[in-house]
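A short worksheet on the structure shown next.
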Amino acid sequence: MAPSRNQRIGSEKSDRTIRDRILEAASLEFAELGIRAAKIASICRRADIANGTFYLHYRTKEAVWAELLQRAASELAERLRISHAIKKLDARSRDRIEVSIIVGFAEERSDMFRFMMGERSGQVAVHNVFFDQLNDQRCEAIRQGIADGEFRSNLNPMIAALADIGATTEIIQWWLRNPDKMTREMVIDHLIDLRARMFFPD
């Protein structure tokens, strides 16, 4: 006899719960040890599941990492999309909101953010999805700023976005390692100042 609709829904919910437990456990494992040193058996212990259950959901720890990265990138992208939808603000006000969102996101997930941006990853390519999504959104915002006459017209949007996101993530990583050196508001103010020097006409 085929499972009923309610049984299928219950099974799907159970699968989602197990996947979420694996993702949460893996996030802690990766943040503490890095992806190379992380062990599937340890992730399973943290998630309180059998090793075999892990393989029902993921083939490798890298597959778990890829999903964590995609979820984080999507969440940050959605927060930034909401800020970009506010049309009544000028470019400087939008920049403050955007930088505040990025800093807040990094602060909420400090270990994971540092790892996403390359610390302890042991491989440069591990942060590409996350970084590329940030960069693409910034590039589009720069194009719009140029079109609206708010940003300097001689900017190359792609190069400017790479420089901006690269500097922003490096500064945030430094601050996350050294939170006693600067307050959150000071970090935001410095990042806004850097953006102003780069983008706005003199």
Dipole magnitude (debye, nearest 20) for the chain, charges at Cβ of Lys, Arg, Asp, Glu: 620
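Mean separation of Cα pairs under 8 Å and 6+ residues apart, divided by the residue count of the chain: what relative contact order is that in percent?
Details: 148 pairs, mean separation 40.2, N = 202.
It rounds to 20 percent for the chain.
Neighbour counts of other C-beta atoms within 10 Å: give me Thr53, Thr17 arranged from fewest to most.
In order of increasing Cβ crowding within 10 Å: Thr17, Thr53.
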Cross-link partners of Lys88 among aspartates and glutamates (Cα-Cα below 16 Å; sequence separation of 8 or more within a chain): Glu98, Asp148, Glu150
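I'd like the projected area of the chain, averaged over all directions, using the convex hull of its alpha carbons. Report it in nm² with one decimal.
14.6
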Per-pair calculated FRET efficiency, R0 = 45 Å: Ala147 and Asp111 via Cβ, rounded to 0.05: 0.70
Helical segments meeting 27 Å axial Cα length and Kyte-Doolittle -1.0 threshold in the chain (DSSP H): 5-33, 61-84, 128-147, 157-177
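Would you order Glu150, Glu108, Glu75 from fewest to most other beta-carbon atoms within 10 Å of each residue's own beta-carbon? Write down the numbers at each step before the final one.
On the way: Glu150 17, Glu108 10, Glu75 13.
Going from sparsest to densest Cβ surroundings: Glu108, Glu75, Glu150.
Rule-based calculations on the coordinates, nothing more; no lab input. Model, not experiment: these values are computed from the prediction. Positions of Cβ are backbone-derived with ideal geometry, glycine not excepted, and every protein chain shown enters the neighbour counts.
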